[in-house]
1. For region 171-186, check the following and say yes or no: at least one residue is free of Cβ contacts under 8 Å to residues at least 40 places away in the same chain, closer than 26 Å to residue 115 by Cβ and not hydroxyl-bearing (Ser, Thr, Tyr).
2. How many of the residues making up region 81-100 are of a type outside the set (A, V, I, L, M, F, W, C) and touching a Leu at 6+ places or on another chain (Cβ under 8 Å)?
3. For residue 89, which of the numbered conditions (1) outside any helix (DSSP H, G or I); (2) among the β-branched types (Val, Ile, Thr); (3) out of contact with any Asp or Glu (no Cβ under 7 Å at 6 or more places or on another chain) fails to hold?
4. Only one of (1) at pLDDT 90 or above; (2) over 20 Å from residue 71 (Cβ atoms); (3) not aliphatic (A, V, I, L, M) is not met by residue 164, so which one is it?
5. Open to solvent by 60 Å² or more (accessible area, probe 1.4 Å), in a loop (DSSP other than H, G, I, E, B), modelled with pLDDT under 95 and of a type outside the set (Ser, Thr, Tyr): is that true of residue 102 in this structure?
6. Do we have residue 186 as on the phi < 0 side of the Ramachandran plot and open to solvent by 80 Å² or more (accessible area, probe 1.4 Å) here?
7. Suppose we filter region 164-193 for residues that are in a helix (DSSP H, G or I) and either in contact with a strand residue (DSSP E or B) (Cβ under 6 Å, 6 or more places away or on another chain) or of a type in the set (A, V, I, L, M, F, W, C) (or both); how many remain?
Amino acid sequence: KIASPCHVQPEPCRAGVAFMILRFRLVAILGASVCTRAFTLLEAVSRDGLRLTSPRMMATPAGLAILFDCDGVLADTERDGHRVSFNRVFEERGFDFEWTVEEYGRMCEVGGGKERMTAYLNGFNGYRTSGWPAGYESPTTESLTKGLPDDPRRLELVRELHARKTALFQELIGSGVVPLRPGVLRVVDEAIAAEVPLAVCSTSNE
């Protein structure tokens, strides 16, 4: 599922897949006309396994840059970072469930961590059949606003869980246990050497 970097795959993406994800995200950000020129600098990524040492790279047109999405492109942070952190929070709170790789991949159809937990606890795709944890079974309302519970206690719960998940995720990233995808470091190093501007883009609110 190339169009969504949030999708989790059991095995690490090959370089070509990571490139296509990058291509998709760049087109979405910059538009097709700009990206058509930008990808002349990057076509070696899919053809030669993330090699950027080419005449095109050495003669970078003015005003062009490489923009990376973060989750799923630079590293498999969804599978090896966010999912692991969510499960640690669930374990800390004594919940009787955890997200498998396959399950989390499908849960990523829901954007946003708090929204993802809400959807799961409400029975998204039939995953969570026993509903909300003890003490949260009888809300003042079942309604949602932008994917989040209108019930104050449920909303407080998902916010607390997400804040803790974020802290655990940052610890994981800081520890270096979530590796870069194969070839990413080389792309970055060679782009810097060729004086190609680099940036990381995100739609995250936090």
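The values are calculated or read from the model by the stated rules, or taken from the named source; none is laboratory data. Please read these numbers as outputs of a predicted model, since none were measured by experiment. Here the Cβ is made from the backbone with ideal geometry for all residues, glycine too, and neighbour counts use every protein chain on show. Calculation scope for accessible area: heavy atoms of the full protein, side chains included, ligands and nucleic acids excluded. Shrake-Rupley method; radii C 1.70, N 1.55, O 1.52, S 1.80 Å.
1. Checked region 171-186: at least one residue is free of Cβ contacts under 8 Å to residues at least 40 places away in the same chain, closer than 26 Å to residue 115 by Cβ and not hydroxyl-bearing (Ser, Thr, Tyr).
2. Adding up the residues that qualify gives 4.
3. Among (1) outside any helix (DSSP H, G or I); (2) among the β-branched types (Val, Ile, Thr); (3) out of contact with any Asp or Glu (no Cβ under 7 Å at 6 or more places or on another chain), the lone unmet condition for residue 89 is (1).
4. Of (1) at pLDDT 90 or above; (2) over 20 Å from residue 71 (Cβ atoms); (3) not aliphatic (A, V, I, L, M), only one is false for residue 164: (2).
5. Against the criterion (open to solvent by 60 Å² or more (accessible area, probe 1.4 Å), in a loop (DSSP other than H, G, I, E, B), modelled with pLDDT under 95 and of a type outside the set (Ser, Thr, Tyr)), residue 102 does not qualify.
6. When the stated conditions are applied, residue 186 passes them.
7. Qualifying residue count for the region: 12.
Residues checked against (1) out of contact with any Gly (no Cβ under 8 Å at 6 or more places or on another chain); (2) not charged (D, E, K, R):
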site	(1), (2)
113	yes, yes
149	yes, yes
156	yes, no
162	no, yes
168	yes, yes
174	yes, yes
177	yes, yes
189	yes, no
200	yes, yes
